[in-house]
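Notes follow the structure.
The values are calculated or read from the model by the stated rules, or taken from the named source; none is laboratory data. The structure displayed is predicted, hence computed values, not measured ones. Glycine gets a Cβ as well: all are built from the backbone with ideal geometry, and neighbour counts include every protein chain shown.
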Amino acid sequence: MGLSLVIPAYNEAARIAGTLQAAMRHLRSRHPDHEIIVVADGNDGTRERASEAAAGDPRVTVIGSPDRRGKGCGVREGILRARGRIVGFADADDKTPIEEMERLLPRFQAGYDVVIGSRGMAESRIEVSQPLHRRLGSRGFAALLWSLGLRHVRDTQCGFKFFRGEAAQRLFRCQKLDGYMFDVEVLFLAKRFGYRVDEVGVRWRDDGDSRLDLVSGNWSNLMDVLRVRFGRYTEPAQSPLAAERPA
């Protein structure tokens, strides 16, 4: 399998079909040897819309739960099912157009193990900015990254990240957080494991649909960052799904 794309979604019935169909068109034309795994949580019909949009394409798998399990949980479940030599995830709200992956993929040929989309590079194109309070909050959050040794990463939270397949499996077998700070956790683990990480500017547009509560959500995020900083990580045994993958 050449490339695996995971699309996490929570109550995205209004947008999942458009995002999935755009990904299907692009991968068919540029990466025929691919699979797409949609992890659709929630109870608004997102899984059903995704299955309809896939139109029986055997390269698309739709899974998920009626419960809100967290974005980190969804991405982890999808990636541990993935079989690609390159594995990535992209948000269901299409904030970063799928075509931007062509800016990231060549970096693997340069020897990188993890390549992340970024809103903070000189070449990044912010087509619709976040509200001012979100941008100010992001600057305060950046200060926390110093404690994790990630101060050189300009944007940990852009939902557009790709990995060598073996690196993805190792990282997400160790990754624990179910919430939004799973991105920070994965980059922290990548640094600990000695993986080469590159950051590439991408197109990005805010859609105004924030799922984060400014008080309780940010407090939860702070607690999760502390869990990463002071937590203990051991590598579990190979997952059953990984053991079933063909060589």
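Do we have R49 as crowded, with 19+ Cβ neighbours inside 10 Å, more than 18 Å from the chain's Cα centre (by Cα) and over 18 Å from E77 (Cα atoms) here?
yes
Kindly indicate whether any position in region 140-158 is at pLDDT 95 or above and touching a Ser or Thr at 6+ places or on another chain (Cβ under 6 Å).
The answer is no, given that none of the residues of region 140-158 is at pLDDT 95 or above and touching a Ser or Thr at 6+ places or on another chain (Cβ under 6 Å).
For region 83-97, indicate whether the set of residues that are in contact with a strand residue (DSSP E or B) (Cβ under 7 Å, 6 or more places away or on another chain) and either without any contact (Cβ under 8 Å) to a residue 12 or more places away in the chain or assigned to a helix (DSSP H, G or I) (or both) is non-empty.
Looking through region 83-97, none of the residues is in contact with a strand residue (DSSP E or B) (Cβ under 7 Å, 6 or more places away or on another chain) and either without any contact (Cβ under 8 Å) to a residue 12 or more places away in the chain or assigned to a helix (DSSP H, G or I) (or both).
Which pairs turn up if I take residues in region 44-64 that are over 17 Å from R15 (Cβ atoms) and look for partners that are outside any loop (DSSP other than H, G, I, E, B) and of a type in the set (G, A, S) with beta carbon separation below 8 Å, at least 6 apart in sequence or on another chain?
I63/A40; I63/G78
If I go through region 65-82 residue by residue, how many of them are closer than 19 Å to L20 by Cα and surrounded by fewer than 23 Cβ atoms within 10 Å (Cβ to Cβ)?
Of the residues in that region, 3 qualify.
Has region 56-64 got any residue that is surrounded by fewer than 22 Cβ atoms within 10 Å (Cβ to Cβ), at pLDDT 95 or above and on the phi > 0 side of the Ramachandran plot?
Yes, region 56-64 has at least one match.
Matching residues to (1) of a type outside the set (G, A, S); (2) within 19 Å of D93 (Cβ to Cβ):
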{"residue": "Q21", "(1), (2)": "yes, yes"}
{"residue": "R25", "(1), (2)": "yes, yes"}
{"residue": "R28", "(1), (2)": "yes, no"}
{"residue": "P32", "(1), (2)": "yes, no"}
{"residue": "I37", "(1), (2)": "yes, yes"}
{"residue": "T46", "(1), (2)": "yes, yes"}
{"residue": "R49", "(1), (2)": "yes, yes"}
{"residue": "A54", "(1), (2)": "no, yes"}
{"residue": "P58", "(1), (2)": "yes, no"}
